[in-house]
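Nothing in this text is a laboratory measurement; each read-out follows from the coordinates by a stated rule. It should be emphasised that the depicted structure is a prediction, and the values quoted were computed from it without experimental measurement. With ideal geometry, Cβ positions are generated from the backbone for all residues, glycine too; neighbour counts draw on all protein chains shown.
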Amino acid sequence: MTRRVLFWGRFDHGYSRNRVNIALFRELGWEVDFFDVKVCPKFGDVEAFLRGLWRRPRPDLVWVPVCRQRDILAAVRWAHRRGIKVLFDPMISAWDKKVLEQKKWKAEEPRAIRLHRLEKKMMNAPDFVTWDTSCHVDFCSREFAVPREKMAALFTGTDETVFKPEKREEETGKREEDVFKVLYHGAYLPLHGTEYIVEAARITQDLPIRWDFLGWGAYKAATEAKAAGLKNVRFLEKVPYVDVPKVIRAHDVVLGVFGTTEKASRVIGNKIFEAMGCAKPVINEYCTGYPPEAKDCKAIKFTPPGDAAAIVRAVEEYRADRANMESYDAAAYDFFKKHLSMAVVKKQLAGILAGMGF
């Protein structure tokens, strides 16, 4: 019998983690259906009734995707009335973001207390919760008292039809032999610590190292302002999603997350999956959610959070051995295939579903 999963909420179908999870369900033989909430997430179950969701084939599982805390309680009401299990994939905690990461609210403020209380209810409502790393599982268990047996890590993964290795020469044409090219790509968020990358560029102004930024987000203007006047920094024009791998492969090393917030120490950024999927070595602050083998991988260099000098040292270690960069590329892709690939994430998801009785 073919199983059916219903993705529920006002979510971005094109977001990387959602694309990966949708594809994996299909690979596992599930039929995938969607209920896109259009009016009010809080009353999505009412909207589902009015739009005749009950006329569709009954799903075996309701999946509430990334960051859709606003959808989860309505999805649970709708599903549990029908004896259907719900799996929530929040990715982040709104309370964590406002209080610990952005520091917009103090934990003792009434609004922060209310949000914490609400999010605790949201995290405990579904039958199961998946997080991108084991660190977030620990956080949710500690902060929101969700039983550990109701949670598991499900790596972010990446679309391997898009992010895949190619030979350097095919992407870059004539190489700039005297310039070592370093890339940051992704969102400008506090946890990413782009200010430390700019400081690393400032330290290396007189060295043949170029630091490129490709991305978007609330802190982009502030990052550009910090980099004003630096001759070795470029802010690249935005490119279509399918062209991001070309940019990655045109660089020697890709940067990850360097922020000093608690959340920064709990994540493996999308950019790490994408870079290593393109066979590029990386630099990142350490997170215990990485597979243990990461510490022995020559294509991953870990730095302390918020340490520009350490970023420089890691770049210089790669640059000192640039004659062997292809071996680093190979090591990056080998690690990706063994520990971060879609095949790995598929196995994780299959285990989670089996544990839920599917």
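Side notes on the structure shown:
- Theoretical FRET efficiency, 1/(1+(r/R0)^6), r = Cβ-Cβ of Asp206 and Ala112, R0 51 Å, to 0.05: 0.65
- C-alpha long axis of helix 110-124 to longest principal axis of the chain, angle in °: 70 degrees
- Unsatisfied cross-links (Cα-Cα over 28 Å) in the set Lys263/Lys346; Lys104/Lys347; Lys181/Lys298; Lys97/Lys338: Lys104/Lys347; Lys97/Lys338
- Only Cα pairs under 8 Å and 6+ residues apart enter the sum, and on that basis the relative contact order of region 44-120 stands at 26 percent.
- Crossing angle, helix 69-81 versus the chain [Cα axis fit, 0-90 degrees, rounded to tens]: 30 degrees
- To the nearest ten degrees, helix 194-203 and the longest principal axis of the Cα atoms of the chain are 10 degrees apart.
- Gaussian network model of the chain, Cα within-10 Å springs - most flexible of Asp127, Asp243, Asp71: Asp243
- FRET efficiency, Asp33 to Arg234 (Cβ-Cβ, R0 51 Å, nearest 0.05): 0.70
- The local environment of Arg58, defined by Cβ-Cβ distances under 9 Å, has a net charge of +2 under the rule Lys, Arg +1 and Asp, Glu -1.
- Calculated FRET value between Arg26 and Lys246, using beta carbons and R₀ = 35 Å, to 0.05: 0.85
- Using C-alpha pairs below 8 Å separated by at least 6 residues, the relative contact order for region 168-340 is 23 percent.
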